[in-house]
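This report refers to the structure that appears directly beneath it.
FYI, it's all coordinate maths here, none of it is from the lab. A quick note: this is a predicted structure, and the numbers were derived from the prediction, not measured. Heads up, the Cβs are rebuilt from the backbone with ideal geometry, glycines too, and the neighbour counts pull from every protein chain shown.
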Amino acid sequence: MTTSWSDRLQNYADLPANMDRLSMKKYRREPYHRVFVNRSLAMEKIKCFGFDMDYTLAVYKSPEYESLGFELTVERMVSIGYPQELLSFVYDPSFPTRGLVFDTMYGNLLKVDAYGNILVCVHGFNFLRGPDIRERYPNKFIQRDDTERFYILNTLFNLPETYLFACLVDFFSNCDRYTSCETGFKDGDLFMSYKSMFQDVRDSVDWIHFKGTLKEKTVENLEKYVVRDGKLPLLLSRMNEVAKVFLATNSDFKYTDKIMTYLFDFPHGPKPGSTHRPWKSYFDLILVDARKPLFFGEGTVLRQVDTTTGRLKIGTYTGPLQHGIVYSGGSSDIVCDLLGAKGKDIVYIGDHIFGDILKSKKRQGWRTFLVIPELAQELHVWTDKSSLFEELQGLEIFLAELYKHLDSSSNERPDISTLQGRVKKVTHDMDMCYGMMGSLFRSGSRQTLFASQVMRYADLYAASFINLLYYPFSYLFRAAHVLMPHESTVEHTHVDMDMESPLATRNRTHCNDCKDMECKRNQLTRSFSEIKPPNLFPQTPQEITHCHDEDDDEEEEEEEEEDSSSSIIIIITIIIIITIIIISSSSSIIIIIIIIIIIIIIISSSSIIIIIIIIIIIIIIIIIISSSSSSSSSIIIIIIIIIIIIFIIIISSSSSSSSLPGVVVTVHCFISGLIVPAEQSGPLPLRSTFR
């Protein structure tokens, strides 16, 4: 039996009386179905869902796709002069992870935190220890802003080249034919710097993507390299019922068409038994050759694609949005214009932390959903290796016990070396569960650079966007409270403030203790003027002050109120005009009134509509008085119009002053300024204090 909403709400209302809230357990979906939240997002406010294609809609199989990219890149490197021995290397998926930083000066792969502190350092296949790291990086720290030297390998497409960097550095450092140097290697009189090697790898990767055979080989065997999920058409069709859906990919149309055709190649439509639909029918707008992240800035020329030949039609596209047409280039501003949406109306779903998420968030204010395929393994280790996490917590308890009764007067130094060694061993075992470079999100207790970027720029994230299928489109994704150490490690028990250090003098009186304003007034020790300021102290807010979880609710409500007020005013005005038409038989007046109706409709979105309507009504009165032969009819009409004007003014005064016409606000302020409260009466200052 299903419980109705009213019953459930009533049960919640009765909850404090019949149940301890602490015994409640929040319902959570299965971990592999979850969408995780950094910033609250109300799905019912979303008007558009945007998608990237590569590694988002089209997820490439691992390690098959990375192995293909690695092999083609090595072949390209050999073709431009690198040793034939490199062809012996085989891609090892257990070594690389996303988010590593390559130091083009020393040839090291670095795993760093958000501030540039080095967590792991690898030279080739050799993991460096403390002294070796400090030799190159004295403070175990790098300047991440030095983009000329440090290159962040943030995307899934970077995994093959990440491993290739390690292979090349290890090969040239250990091969007898070459002499290893601090910033490169020598072959006789020839010197190759790590920076030059890095640039050759980057050029080779770009070549196989844009000029080589990577896409061709992928399309030849889509079943081997691309994941196809039967739930994809179902989710997109449901999205299309509640919002608009668009695709913005950097890939060209021919490749996009083949990949998307494969993804939607089912004998049925969104549901078994329904008619099959072509992939383009699931999208309201399709953009290829987007050139992200440039797409989120100035963008490129918007052109139309000839879907028969795959070629671009000449000229810039300037028409309205047309369903089924494929566009090339453009920008995020153009997308907003075509879809009739603004920044926060759009959720953009992608895998690229920089090209998809960071730029769409910083430049356009779009809501962001980051797809992190590695999250599935991260959750698997988190749950299956829980014993290691529990052991770490136990070791922290033992460490606290050793220092339990010691303070600054103690000379005793507990031997914690064994405990520290065990902590390092357990942390290492945990890291190796994820791969040689450890977790994508952390190294021991420290979060990685990638983790900090996810938390900063991704509103939502999940292993797959398909997880949205398990949430209603009215769902409120609410961010969990992020606790600081003084909140997460301190129990909710009474703290004796008298025991606190006298140096802690920044205590603020609780708001509830300051409701009586007289207690504050008594704190005044002097007054230079008989004129008192209108507010001596701020008053404790009685309404909600924080707005970070509201998603612009108040602004939207104000807009709705303004729209409804304008609609009421327009309706009332039209009723007046119809009344005049009925009473008056003059054809000239009827023509004038029709023109007035058109003017009112045109200006209905104006913020000064009330003033304009009143002016129009006055003009109508003058016309009627001058043309009507019946004075009694004129008087009746004038009385009706005066009543309506009063009604309009009442409506306008009930709304906030920010939504009132400027003239009304000015008059209101002028009248208010003439009224001086009794407690502020007294001699006026000789010189104005206002500029």
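With a Förster radius of 22 Å applied to the beta-carbon distance between T316 and D252, the computed FRET efficiency rounds to 0.70. If R₀ is 45 angstrom, what is the calculated FRET efficiency for the pair Q420 and K61, using the beta carbon separation as r and rounding to 0.05? Computed FRET efficiency for Q420 and K61: 0.60. The distance between label points at D187 and H209 comes to 2.7 nm (points 7 Å beyond Cα on the Cα→Cβ vector). Ordering 270-276, 83-89, 170-176 by mean Cβ neighbour count within 10 Å, with the highest value first, yields 170-176, 83-89, 270-276.
Distance between the modelled labels on T383 and K271, one decimal in nanometres: 2.9 nm (7 Å Cα→Cβ projection). Neighbour counts of other Cβ atoms within 10 Å put T318, T383 in the fewest-to-most order T318, T383. Listed by chain and number, the lysines placed with their C-alpha closer than 28 angstrom to that of K424 are K111, K140, K385, K404; residues fewer than eight positions away on the same chain are left out.
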